[in-house]
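Have a look at the structure below before the remarks.
The values are calculated or read from the model by the stated rules, or taken from the named source; none is laboratory data. Keep in mind it's a predicted model, so treat the numbers as computed, not measured. Positions of Cβ are generated from backbone atoms using ideal geometry, with glycine treated the same way; all protein chains shown enter the neighbour counts.
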Amino acid sequence: MNRNIYKWILGICLTVLMSYSYAQTAVNGTIIDAETGEPLIGTQILVKGTVLGTISDVNGNFALSVQSPPPITLVITYVGYERQEIEVTSSGQSLDIQLAEATLLGQEVVVSASRVEENILQSPVSIEKMDILAVQNTSADTYYKAIANLKGVDVASSSINFQILNARGFASTGNTRFVQLIDGMDTQAPALNFPIGNLNGPSVLDVESVELIPGASSALYGANAFNGVLLINSKNPFEYQGVSAFVKTGVNHVSSDADQDPAIMNTFSLRYAKAFNNKLAFKVNGTYSYADDWHGTSTFDRNADNNPFPDEPNIGADRLHKHGDEAAANIALLGIAAAEGLNEGLEILFRDNNLDNGNTMLDYARDLPSHTVSLTPFDEVDLIDYGAENLKINTGLYYRLNDDLELSALYNAGFGTSIYTGAQRYSLSNFGIQQGRLQLRGDNFFVRAYGTFENSGDSYITEFLALRMNEELAFTGGRAYTSNGVDGQRYVPRLAPSARSVNNMLVSYSQAYIQFLASGNADLPGLDPGEITSLRVNNPTLAAQYDLAAHQRARQFMNDVFQYEPGSPEFEEAKRVALEGTIPEGPGFADKSAMYQADAQYDFKNEVDFMELQVGGSYRIFDLRSEGTIFPDKDGGIQINEFGGYVQVGKRVIDNLKLSGSVRFDKNENFKGQVNPRISGVYTAGSNHNFRASYQTGFRNPTTQGQYIDLSVISARLLGGLQENYDKYQLARTSRTGADLSFTAGSVEAFKRSFFGSGGTNLSEAVGLLTPFTSSDIKPVVPEQVRSIEFGYKSLIGNKLLVDAVYYHNTYTDFITQIQVVVADEATDGSMNPLTLISGSAITIADGETVIEDPDDPTPDGFNGNTAQIYSNLEDDATAQGAALGLTYNLPRGYTVGGNYSWNKFIGGFTDNNLNEFNTPEHKFNVNFGNRKITDKLGFNVTYRWQEAFRWESSFAVGDVPSYSTIDAQISLKLEEIKSVLKIGGSNLFGDSYIQSLGGPNIGSIYYVSLTYDELMN
């Protein structure tokens, strides 16, 4: 399919080329600074209405020939200078052009808001822009991080080289509601469906501009342009030629509270661009960066609310950046299963272990408390790859077929190692993502096709790695294992040699717990069977002392027996073995998914003069290939086809009022078609006061994972929300006698609390708390939609103060979420076996061996813990609102001060059973002060940023993200003799480490020195 797209574009090239005749207009000239008289090197000279252009040389001279008769109009632009348009009335004309430095704000031209050029002050929707000067003079340590200083932008960092952007709420560490385009190419990873930051984007040497549209934009940009669109445009080699180089060295982890030693970080970039006869041009970019990544060291406990001893460490803790403790079980279940003979293997293990007081462990089985116990975890630093590397290659070949047509081919690639926080912590080790684009453009149209290809490399799930390492320990029986169960004075419970399940560790934990109850210590004498159960009713304080001491003894046993010493040969060997294999056998991925897309747009400006009219369309193919590790595609790839088209019109109905409207239709083969309109109006009062109002809509299709994922993780089987997954796993299940077997996760939790709270004596009463999940509850996932009303004001007051204010109100329909369904086994008599709802895999121990579940078997055993987590939609609408204000003021002598404030407020629409995932601070602001030319050689920039604490809710963690503030600053010195700029700066200069998301790393300070060499530097 992708080959046909490329052939189609080449056919259009030849057809259009044959329709042009040739004439000649030659023009030359010199461009100088109006104040100093010095030549301006690298000034852009474009021929209006064509794709033709050139640049001035080291003496400020230029010459070009146009295959059109005069008159023609030249557009003269140079960064930091006022734009000029000059009419050439005769061939051979020579021009002397003087450019004055720009002193007015708000003169930028943007194209993203309406897909046509317009002044930023009169944009019909909110828009932010960073031009070359803003990119070069940012106070942040990279231009991509500087996007966070734009009005209304939120950032979640998973790694030092992996930042995820968002606007207007409902943020996440993988933002599927935000579109990022680099030179028109959607940078989403095909199997993840969210932009991957700047891992394969242009370096600072090759960025021409950055434009951001916050809010719904599906009327022009299609699916997933829900919370915003970011457009990054690289430099055209016809207009930016020569050699450029960039080197930056610095140190991170230097905050006062840093838990890491300071480490060197380096970035190297090189760019070379060359044009031949104004017909053929190419560019080559290469960037390599390396750093010791921010570490994840949070001990935030996801199970803190269930700690039976609030003043002591939680024996059932599940900490964010410790891995392995995700595996947990309520040990009361083990006791009940053994005591009641519900599991033969457990009964034998407990019965055959005799205690010194003449009893067996089976006699004490019901004395095990209703406490959840987790395995002893590994520190993340010992499991994850913190060597953050990024190698980027960006190349382009451009050919001007004539004055009106330019054919180009681009190749962008990013390789390296990073970290991503999603539902779990992922080590993106030796990953790769590549994009190739072929485009034909004219002054009023473009046609492009591109492909995106990802390779997961050696990436793995860190929690899964920890689980596999614990399984290795369980397989060997632990370091202190002895065949007769005796090791000096320490009791070592007996494990089946063939056991290969972490659940056997919890059985051993329970046995050590019982051993303490029977033997006691100097302060707490041993108890007979049933005594502790009576104490829990009659003397809970004393019972709690026994329980705590027993847990401490059992935990110490686990640490002694079932732990590796990090860095030891045994640890490294276990890690090596555990890393082998891909899901479900191992923690690795085998993803080589791809996405193919074709886009086209035509502007009727040459055919229609009474209004603006543009039409466009796109076609997209997802080709999912994970070899069964993410999707059910072992027998071949899964393809998803999408297409869409739009039309936009605009007209100035009176001199000061412009109305515009657009509508787009999109269709994904798995869902009904989506229609998204946008209507806007801009009224200009006086010359500079622009008032705007708009009604915008957006939608996002369920992600490729939201449609097709079939992945077993530690706590559940993740499933896409299509009907076929409900059918495959029979989620709404009944027994042969009609008994309900499927239940909502919330009711199962209530059942567990009641059942364990009674010591397993009120089974029938607890069963009454269950809520069945029936066929009427099956609601296959559908696209999510948003309706947005926006009012804005933008003005340049007194040619000094730029004001930009906006208010929005969003209503969300069919909000995509996930629900959990727990499936029970059918008993031999056809009834529901309630104990299988709470057992997970904890009572699958049979005759001393672990039953290995078949993850591809569509039965309840195919789930981890019998739980399926499937994508669905909220029934009720959700609403949010917000506002933002930006101010920039030009002070005398080139100084500029500015800042912006953002307010985002979630109104409602979610129940307690849903994660709202708004994940956005209600209040935040930043202030900027700088001067890029204090003198001809010296400049500086300082930015202060603050945001308040806010609630973070995601499938990874729920809790509070503390408030934080940062100061970024840089001083730049122009070294004219070597055509370079020396910059010294830092980010988070004086602050403590902070986090941007719950589960994200601790972000400390960075101090750096950089040197930029540019042949075009004036």
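Which condition number in (1) touching a strand residue (DSSP E or B) at 6+ places or on another chain (Cβ under 7 Å); (2) assigned to a loop (DSSP other than H, G, I, E, B) is the one that ASN198 fails?
(1) is the only condition that ASN198 fails.
Within region 126-177, which strands (runs of 3 or more DSSP E) (wholly inside it) include 3 or more residues that are in contact (Cβ under 8 Å) with a residue 12 or more places away in the chain and either polar (S, T, N, Q) or under 16 Å from ASN193 (Cα atoms) (or both)?
In region 126-177, 153-159, 162-167 are the strands (runs of 3 or more DSSP E) which contain 3 or more residues that are in contact (Cβ under 8 Å) with a residue 12 or more places away in the chain and either polar (S, T, N, Q) or under 16 Å from ASN193 (Cα atoms) (or both).
For LYS575, which of the numbered conditions (1) surrounded by fewer than 22 Cβ atoms within 10 Å (Cβ to Cβ); (2) out of contact with any helix residue (DSSP H, G or I) (no Cβ under 7 Å at 6 or more places or on another chain) fails to hold?
In the conditions (1) surrounded by fewer than 22 Cβ atoms within 10 Å (Cβ to Cβ); (2) out of contact with any helix residue (DSSP H, G or I) (no Cβ under 7 Å at 6 or more places or on another chain), LYS575 misses (2) alone.
Is there any pair linking a residue in region 248-277 that is closer than 14 Å to ALA388 by Cα and modelled with pLDDT of 95 or more to one that is of a type in the set (A, V, I, L, M, F, W, C) and part of a loop (DSSP other than H, G, I, E, B), with Cβ under 8 Å and at least six apart or on different chains, and which?
So the pair list comes out as MET265/ILE160.
Test GLY296 against the criterion of being assigned to a loop (DSSP other than H, G, I, E, B), without any contact (Cβ under 8 Å) to a residue 40 or more places away in the chain and outside the structural domain of GLN67 (by TED's automatic domain parsing), and give yes or no.
Numbers: assigned to a loop (DSSP other than H, G, I, E, B): yes; without any contact (Cβ under 8 Å) to a residue 40 or more places away in the chain: no; outside the structural domain of GLN67 (by TED's automatic domain parsing): yes.
For GLY296, the condition - assigned to a loop (DSSP other than H, G, I, E, B), without any contact (Cβ under 8 Å) to a residue 40 or more places away in the chain and outside the structural domain of GLN67 (by TED's automatic domain parsing) - is not met.
Testing GLN601 on (1) in contact with a Ser or Thr (Cβ under 9 Å, 6 or more places away or on another chain); (2) touching a residue at least 60 places away in the same chain (Cβ under 8 Å), one condition comes back false. Which one is that?
Unmet for GLN601, out of (1) in contact with a Ser or Thr (Cβ under 9 Å, 6 or more places away or on another chain); (2) touching a residue at least 60 places away in the same chain (Cβ under 8 Å): (1).
Which members of region 744-792 meet the condition of being in contact with an Asp or Glu (Cβ under 8 Å, 6 or more places away or on another chain), in contact (Cβ under 8 Å) with a residue 60 or more places away in the chain and small (Gly, Ala, Ser)?
GLY760, GLY792
Within region 643-655, is there a residue that is closer than 30 Å to THR813 by Cα, of a type in the set (Phe, Trp, Tyr), out of contact with any helix residue (DSSP H, G or I) (no Cβ under 9 Å at 6 or more places or on another chain) and in contact (Cβ under 8 Å) with a residue 24 or more places away in the chain?
Yes, because at least one residue in region 643-655 is closer than 30 Å to THR813 by Cα, of a type in the set (Phe, Trp, Tyr), out of contact with any helix residue (DSSP H, G or I) (no Cβ under 9 Å at 6 or more places or on another chain) and in contact (Cβ under 8 Å) with a residue 24 or more places away in the chain.
State the number of residues belonging to region 359-387 that are assigned to a strand (DSSP E or B) and either modelled with pLDDT of 95 or more or within 30 Å of GLU749 (Cα to Cα) (or both).
Summing the residues that are assigned to a strand (DSSP E or B) and either modelled with pLDDT of 95 or more or within 30 Å of GLU749 (Cα to Cα) (or both) in region 359-387 gives 5.
Within region 53-72, which residues are surrounded by fewer than 14 Cβ atoms within 10 Å (Cβ to Cβ) and either of a type outside the set (S, T, N, Q) or in contact with a Lys or Arg (Cβ under 9 Å, 6 or more places away or on another chain) (or both)?
Listed by number, the residues that qualify are VAL58, PRO69, PRO71.
TYR889 fails exactly one of the following numbered conditions: (1) in contact (Cβ under 8 Å) with a residue 24 or more places away in the chain; (2) more than 21 Å from TYR994 (Cα to Cα); (3) not in a strand (DSSP E or B). What is the number of that condition?
Single failed check for TYR889: (3).
Take the residues in region 903-947 that are over 30 Å from VAL981 (Cβ atoms) and of a type in the set (A, V, I, L, M), then tell me which one is modelled with the highest pLDDT. Lay out the reasoning, then the answer.
Just the residues of region 903-947 that are over 30 Å from VAL981 (Cβ atoms), to begin with: 903-924, 947.
Those left that are additionally of a type in the set (A, V, I, L, M): 907, 915.
On the way: ILE907: 92, LEU915: 73.
Restricting to residues being over 30 Å from VAL981 (Cβ atoms) and of a type in the set (A, V, I, L, M), the top hit is ILE907.
Applying the selection to region 317-356, what residues are of a type in the set (Gly, Ala, Ser), closer than 30 Å to SER954 by Cα, part of a loop (DSSP other than H, G, I, E, B) and in contact with a helix residue (DSSP H, G or I) (Cβ under 7 Å, 6 or more places away or on another chain)?
Listed by number, the residues that qualify are GLY324, ALA327.
Somewhere in region 197-205, is a residue touching a residue at least 40 places away in the same chain (Cβ under 8 Å), in contact with a helix residue (DSSP H, G or I) (Cβ under 7 Å, 6 or more places away or on another chain) and surrounded by fewer than 23 Cβ atoms within 10 Å (Cβ to Cβ)?
yes
Do we have any residue at all in region 1009-1017 that's out of contact with any strand residue (DSSP E or B) (no Cβ under 6 Å at 6 or more places or on another chain) and at pLDDT below 95?
yes
Among the residues of region 576-593, is there at least one that is part of a helix (DSSP H, G or I), within 43 Å of the chain's Cα centre (by Cα) and not hydrophobic (A, V, I, L, M, F, W, C)? Please lay out each step first, then the result.
Initial filter on region 576-593 (part of a helix (DSSP H, G or I)): 576-579.
Now narrow it down to the ones that are within 43 Å of the chain's Cα centre (by Cα): 576-579.
Keeping just the survivors that are not hydrophobic (A, V, I, L, M, F, W, C) gives 576.
Yes: one or more hits.
Six or more apart or on different chains, Cβ under 6 Å: which pairs go from a residue in region 918-944 that's over 19 Å from ASP968 (Cα atoms) to one that's not in a strand (DSSP E or B)? Could you list them?
PHE918/GLY169; PHE918/PHE170; ASN919/ALA171; THR920/GLY169; THR920/ALA171; PRO921/GLU948; HIS923/GLU948
Tell me, yes or no, whether region 796-811 has at least one residue that is within 30 Å of ARG620 (Cα to Cα) and touching a strand residue (DSSP E or B) at 6+ places or on another chain (Cβ under 8 Å).
Checking region 796-811: at least one residue is within 30 Å of ARG620 (Cα to Cα) and touching a strand residue (DSSP E or B) at 6+ places or on another chain (Cβ under 8 Å).
Considering only region 903-949, how many residues are touching a Pro at 6+ places or on another chain (Cβ under 9 Å) and among the charged types (D, E, K, R)?
1
Filtering region 617-639 down to residues that are of a type in the set (Phe, Trp, Tyr) and outside any loop (DSSP other than H, G, I, E, B), which residue is farthest from PHE446 (Cα to Cα)?
Filtering region 617-639 down to residues of a type in the set (Phe, Trp, Tyr) leaves 619, 622, 631.
Those left that are additionally outside any loop (DSSP other than H, G, I, E, B): 619, 622.
Details: TYR619: 14, PHE622: 23 Å.
Among residues in region 617-639 that are of a type in the set (Phe, Trp, Tyr) and outside any loop (DSSP other than H, G, I, E, B), the one farthest from PHE446 (Cα to Cα) is PHE622.
If ALA223 passes every condition in (1) small (Gly, Ala, Ser); (2) in contact with a Ser or Thr (Cβ under 9 Å, 6 or more places away or on another chain); (3) farther than 16 Å from MET130 by Cα but one, which one does it miss?
(2)
Looking at region 516-545, which of the residues that are in contact with a Leu (Cβ under 7 Å, 6 or more places away or on another chain), of a type outside the set (Val, Ile, Thr) and in a helix (DSSP H, G or I) is surrounded by the most Cβ atoms within 10 Å (Cβ to Cβ)?
Per the criteria, the residue is LEU517.
In region 219-249, how many are assigned to a strand (DSSP E or B) and under 28 Å from LYS151 (Cα atoms)?
Step one: filter region 219-249 for residues assigned to a strand (DSSP E or B), giving 228-234, 242-249.
Cutting the leftovers down to under 28 Å from LYS151 (Cα atoms) gives us 228-234, 248.
Residues that pass the stated criteria total 8.
Looking at region 992-1015, which of its residues are part of a loop (DSSP other than H, G, I, E, B) and surrounded by fewer than 20 Cβ atoms within 10 Å (Cβ to Cβ)? Steps first, please.
First pass over region 992-1015, keeping only residues part of a loop (DSSP other than H, G, I, E, B): 992-993, 995-1002, 1004-1005, 1015.
Scanning region 992-1015 gives ASP992, GLU1015.
Sort out which residues of region 379-401 are in contact with a helix residue (DSSP H, G or I) (Cβ under 7 Å, 6 or more places away or on another chain) and closer than 22 Å to TYR240 by Cβ, and write them in order of number.
Across region 379-401, the qualifying residue is only LEU401.
For the subset of region 414-454 comprising residues that are within 16 Å of the chain's Cα centre (by Cα) and charged (D, E, K, R), which member is surrounded by the most Cβ atoms within 10 Å (Cβ to Cβ)?
That would be ARG425.
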